[in-house]
Amino acid sequence: RRPQTVICYICGREYGTKSISIHEPQCLKKWHQENDMLPKHLRRPEPKKPEVRPVQAKGFYDLDSLNEAAWISAQNQLVPCDICGRTFLPDRLIVHQRSCKPK
């Protein structure tokens, strides 16, 4: 059986339930550094952590709904290419557009 994982709402990668609290602040810091280096038209607002309410009286979260909300948040960070419509992280979009050609 696989250990339980949590999806990062910033990058969309999976992390263990203990290490996600270490990863998220570092990921957000990296996101700010990369976002500040982008051209103004590609900069995005800071991603907001999805709010998921505890489902049990003991305060536990439904891990599936938490992961789904985090995945959607991470996917919302992607920017579509003006030429082909594929979606990329903004720093990768610049690289992609160098070689993207209209059909």
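Results, tabulated for the structure shown:
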read-out	value
Dipole magnitude of the chain, debye to nearest 20 (Cβ charges: Lys/Arg +1, Asp/Glu -1, about Cα centre)	260
Solvent-accessible heavy-atom area per residue, rounded to whole Å², over the chain at 1.4 Å	76
The range 76-82 - phi-based ³J(HN,Hα) in whole Hz, Karplus 6.51/-1.76/1.60, Gly and Pro as x	5, 7, 6, 10, x, 6, 5
Cβ-defined net charge surrounding C100, 14 Å radius [Lys, Arg +1; Asp, Glu -1]	+4
Range in the chain, longest, excluding exposed chymotrypsin sites (Phe, Trp or Tyr not before Pro) [loop by DSSP; at most 16 other beta-carbon atoms within 10 Å]	1-59
Inter-probe distance in nm under a simple model that places probes 7 Å from Cα toward Cβ, at T87 and R44	0.8
Mean ellipticity per residue at 222 nm, deg cm²/dmol - from DSSP H runs of n ≥ 4 across the chain, formula -39500 (n - 2.57)	-13000 deg cm²/dmol
For the chain, built as a Gaussian network whose Cα springs stay under 10 Å, the top-fluctuating residue of R13, R86, R43	R86
Label-reachable residues, the range 62-79, where backbone N falls under 17 Å from a point 7 Å from S21's Cα toward its Cβ	62-63
Cα pair distances of the chain binned at 5 Å [whole percent]	2, 11, 19, 20, 16, 12, 9, 6, 3, 1, 0, 0
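The values are calculated or read from the model by the stated rules, or taken from the named source; none is laboratory data. Since we're looking at a predicted model, the values are computed, not measured. Ideal geometry is used to build each Cβ from the backbone, glycine not excepted, and the neighbour counts take in all protein chains shown. Note: areas computed on protein heavy atoms with side chains; ligands, DNA, RNA excluded. Shrake-Rupley method; radii C 1.70, N 1.55, O 1.52, S 1.80 Å.
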